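Only one structure is covered here, and it is reproduced in the block below.
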Amino acid sequence: MTDADAKTHARRRPSLKDHSRGALRALFAERGWSAYRADQVATWLYKQDATELGQMTNLPASLRGEIAAEFELETLEVEKAQHSVDGTQKLLLRAFDGARIEAVLIPEERRHTLCVSTQVGCPLTCSFCATGALGFTRNLSAGEIVDQVLHARRRIPAGEGLTNLVFMGMGEPLLNLPNVSEAIRILVDPKGLALAPRRITVSTAGVLPQIGALLAVAPIHLAVSLHATTDEVRDVLVPLNKRFPLAELMATLRNEPQLGRRRPVFFEYTLMDGVNDSLEDARRMPRLIAGIAAKVNVIPMNPHADAPYRPPPPAVVDRFTAALHEGGLRVTLRRDRGRDIDAACGQLANRAAAPVPGDTSGAGRAGRSAGAGARPESLQEDLAGIRWDPREAGASHPAVEAHALRDR
Ligand code: SAH
């Protein structure tokens, strides 16, 4: 048994925050505890922000002892908080096995938006994304997703509250759907964190078989990482496209009955210089997404050391968004936040997630073989069978070739 395994097995009690209130009631009932005690626990955790069972004074001490024998409370600790000049805060959080993830809190005029992670690393290897370059370690538990929100909430000034939540941090949410779903149930529960479902957005690179199930969890919004208007280019940027190409992606979204004018898709389009920023791309997009109620979010590439791509010059960004407007699309240009602390989109890749010299905690890649959390789910296994190397894409798009076919 390695150190990493020992750590994992040392903490195999589930967290109370791994379970929605409904599930917790059932677990309590199975143990002969009154179901309403689960409601009291939820109130303590999510309304009163309790971090210890000892604070739950309306629970009998004997019951607190029995709960403590089976369940953890806290799943993450804040290792570091970085502050950007624009007010953005990036939290580096450490899990029981030493795995590190990031969450980003973005203050705006009347909003506080939090961007949460769903996996340690990511298996999708998108060629422009810093997290993709990390590799995949494991899925986060529901409690670890919820705890990102609780930690962030403590940093928001009293009386202001978290208004928006985006699942756009590290990882692919739809490859961790059971835990993401349970976290959403806790987050929207009026007796839980009571977030408005319509202010929650889950972003996917396009794991098509899971979209319907995600949308059924709660009336949250779906974002889809598009980034290209041809399979040729998207195969290189988002290798998952080889498995679920554009035509299938669009057909799935077009035929999904839970989507529509009141629940549009947010397409994210990271604009990269000379790769996907041509007028032809802008003109192809309205045709590509025709028949899908949508908004397009254009994000100039945030450069980082793990990708060769650059943002286009501002004039090209303007030309591109103007052409989308002319094509009849609803377009927003996403302002860059927290870039100075590597907290902007696609920059989440704490170097600490890879093993650190002298770190015996079993962090990072070592966690891959540790415990049940590291076992790939079937879809992941399935995806792992696909060859993801962007160099395999046979990109004949000259700009993509020039940028992506570098040596790693
Ligand atoms: N795996 C999910 C969730 C991550 S969301 C998904 O792909 O949607 C992260 C968002 O930031 C995605 O839209 C992603 O494409 C975008 N992104 C990644 N790297 C980026 C970069 N370097 N600059 C700008 N946006 C980036």
Per the list (1) surrounded by fewer than 17 Cβ atoms within 10 Å (Cβ to Cβ); (2) of a type outside the set (Ser, Thr, Tyr); (3) not in a loop (DSSP other than H, G, I, E, B), residue check on Ala282 breaks on (1)
For the stretch 26-60, which residues satisfy the criterion of being touching a Phe, Trp or Tyr at 6+ places or on another chain (Cβ under 8 Å) and among the charged types (D, E, K, R)?
Arg37
Residues (within 10 Å of the ligand (Cβ to nearest atom) and in contact with a Gly (Cβ under 8 Å, 6 or more places away or on another chain)) located in the stretch 124-149:
Leu124, Cys126, Phe128, Cys129, Ala130, Thr131
Evaluate the stretch 313-335: report whether one residue or more is within 12 Å of the ligand (Cβ to nearest atom) and buried (at least 19 other Cβ atoms within 10 Å of the Cβ).
no
Within the stretch 271-279, is even one residue within 30 Å of Pro197 (Cα to Cα), assigned to a strand (DSSP E or B), within 16 Å of the ligand (Cβ to nearest atom) and modelled with pLDDT of 95 or more?
yes
Looking only at the stretch 223-234, count how many residues are outside any helix (DSSP H, G or I) and either acidic (Asp, Glu) or crowded, with 21+ Cβ neighbours inside 10 Å (or both).
6
Out of curiosity, is Ala293 under 24 Å from the mean Cα position of the chain (by Cα) and more than 16 Å from the ligand (Cβ to nearest atom)?
yes
Just checking, how many residues over the stretch 104-122 are surrounded by 24 or more Cβ atoms within 10 Å (Cβ to Cβ) and not in a strand (DSSP E or B)?
4
Mind telling me which of the residues Val78, Val41 ends up being more than 20 Å from the chain's Cα centre (by Cα), of a type in the set (Val, Ile, Thr) and under 29 Å from Ala158 (Cα atoms)?
Val41
Within the stretch 44-78, residues touching a residue at least 40 places away in the same chain (Cβ under 8 Å), under 23 Å from Arg100 (Cα atoms) and either touching an Asp or Glu at 6+ places or on another chain (Cβ under 6 Å) or among the β-branched types (Val, Ile, Thr) (or both) come out as Thr75, Leu76, Val78
How many residues, within the stretch 189-206, are free of Cβ contacts under 8 Å to residues at least 40 places away in the same chain, of a type in the set (A, V, I, L, M, F, W, C) and over 18 Å from Glu144 (Cβ atoms)?
1
If I go through the stretch 51-91 residue by residue, how many of them are buried (at least 16 other Cβ atoms within 10 Å of the Cβ), hydrophobic (A, V, I, L, M, F, W, C) and within 17 Å of Leu24 (Cα to Cα)?
7
Within the stretch 188-212, residues being assigned to a helix (DSSP H, G or I) and either crowded, with 21+ Cβ neighbours inside 10 Å or away from the ligand (no atom under 14 Å from the Cβ) (or both) number 7
Extreme residue, surrounded by the fewest Cβ atoms within 10 Å (Cβ to Cβ), among residues of the stretch 148-185 that are part of a helix (DSSP H, G or I) and out of contact with any helix residue (DSSP H, G or I) (no Cβ under 6 Å at 6 or more places or on another chain)
Pro178
Criterion (surrounded by 19 or more Cβ atoms within 10 Å (Cβ to Cβ), under 21 Å from Lys295 (Cβ atoms) and not β-branched (Val, Ile, Thr)) met by exactly one of Leu215, Leu237:
Leu237
Matching residues in the stretch 178-187 - criterion: being away from the ligand (no atom under 16 Å from the Cβ) and aliphatic (A, V, I, L, M):
Ile186, Leu187
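The values are calculated or read from the model by the stated rules, or taken from the named source; none is laboratory data. Just so you know, these numbers come straight off a predicted model, no measurement behind them. Virtual Cβ from ideal backbone geometry, glycine too; neighbours counted across all protein chains shown.
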